[in-house]
Amino acid sequence: MNYDLLIKNGTIIDPSQNINKMSDLAIKDGKIADINEAIDYQLAKEVIDAKGKIVTPGLIDLHVHSFWGGTIYGIDPDSTLISKGVTTALDAGSTGSVNFPAFRNHVIDKSKTSIYALLNVSSIGMISNNYGEIENMKWFDYDSTLEVFEAHRDLIIGVKARLGRVQAGVNDIEALKRAIELAEAINGILMIHIGNSPTPLPKLIQMLREGDIITHSFHGIGDGILEKSGEVIESMKEAQSKGIIIDVGHGAGGFSFKAADKAMTNGLLPSNISSDLHIGNIEGPVFDLLTTLTKFMYLGMSLYDVINLCTNKTAQIMSKVEIGTLNIGATADITIFYEEEGQFKLYDRTSYSYMNPANKIGPSNWELPQVVIANKRLSHSYTIKNGVVYRPWLK
């Protein structure tokens, strides 16, 4: 037997190699061994027939909260990420220097899903939705943040700052200055959470560097992609042209169909598609990353393009070029799914309080709930991580 696993008859989409065709894919010793139009099934110990299915690099979610049991937002990564096709995720600031070691010990090191992290600019991280982590700047601890980074530089790739009034009070400018200082000190990326910041968004954007990330960009409240007038703001266009990442960060309140449609109609597409999956939106409106991709296909993006924005492009943003690809020799992280036809309800942030009236996390009463009907959705079949097939989720 030449191979441990052979995936036959699937449509392989790998934007890192500009591949979009029906082929077979072979795996040996946890690595991609061959991609070819006809690999003999007798050469493999195990064969998966992927006829009618799509085979991609393992999906990468740039924005999740997976400190399960450690913050009010935390989800169990293996039951919510790898089980739904996400093989690698970036935890976006759930923890700061005080609690990251616990996050690593109790969650990251025990998870099948690969998890990297952005350290919160606040040393306490996102412990509660009732207390803003940078309302009081005493929680900023430059030295301890650098110490934790040095001890965990294999997993920490940057810094997160939530700049809304609820999280930062009036400290958004000062918090952003300090976050940039930290990001530069560790040579890492910076992600900012926007929405209802006391400082006008264009002023915050002007402070960002190439490669930094604006998340929740498409929330549509008037402090994101759109002006309050409903027009796409020039500063977002300029930011994207300068290499700043315009990320979706769907979440409970970070995505509006109307805002995204308006932006995309005016030529401003996302640079990355992420879910912002956490305990407050896993039952809706987010559900999972594949559902988020489905929404952008409903808005007119191609399957190839949405896959690009959660594999190849995301790996580049994270400077982790060894993932997000099916290159020969790469680690065999693979997602297999299919396009399911039917009539499927899709929800955005305006649907949130309508769907979850008892849940206090997220928006409420902003506008009438909007639900769209899609005639297809992306549905998960298999997840393969390091060459291992996770069968509990097999369809």
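Of the numbered criteria (1) assigned by TED's automatic domain parsing to the domain that holds residue 149; (2) of a type outside the set (A, V, I, L, M); (3) within 28 Å of residue 328 (Cβ to Cβ), the one residue 71 fails is (3). Return yes when residue 314 is farther than 15 Å from residue 272 by Cβ and either surrounded by 20 or more Cβ atoms within 10 Å (Cβ to Cβ) or among the hydrophobic types (A, V, I, L, M, F, W, C) (or both) and no when it is not. No. In the set 379, 353, only one residue is modelled with pLDDT under 80 and hydroxyl-bearing (Ser, Thr, Tyr); that residue is 353. Tell me, please, whether a residue that is crowded, with 24+ Cβ neighbours inside 10 Å, aromatic (Phe, Trp, Tyr) and assigned by TED's automatic domain parsing to the domain that holds residue 309 can be found in the stretch 110-120. Taking every residue of the stretch 110-120 in turn, none turns out to be crowded, with 24+ Cβ neighbours inside 10 Å, aromatic (Phe, Trp, Tyr) and assigned by TED's automatic domain parsing to the domain that holds residue 309.
Of 61, 4, all but one fail to be touching a residue at least 24 places away in the same chain (Cβ under 8 Å) and out of contact with any Leu (no Cβ under 9 Å at 6 or more places or on another chain); the exception is 4. Within the stretch 223-231, does at least one residue satisfy the condition of being touching a residue at least 60 places away in the same chain (Cβ under 8 Å), closer than 28 Å to residue 311 by Cα and surrounded by 15 or more Cβ atoms within 10 Å (Cβ to Cβ)? No, the stretch 223-231 contains no residue that is touching a residue at least 60 places away in the same chain (Cβ under 8 Å), closer than 28 Å to residue 311 by Cα and surrounded by 15 or more Cβ atoms within 10 Å (Cβ to Cβ). Counting only residues that are under 19 Å from residue 91 (Cα atoms) and buried (at least 17 other Cβ atoms within 10 Å of the Cβ), the stretch 177-193 holds 11 of them.
The values are calculated or read from the model by the stated rules, or taken from the named source; none is laboratory data. Bear in mind the structure is a predicted one, so any value in this text is a computation, not a measurement. All Cβ positions, even for glycine, are placed from backbone atoms using ideal geometry, and neighbour counts span all protein chains on display.
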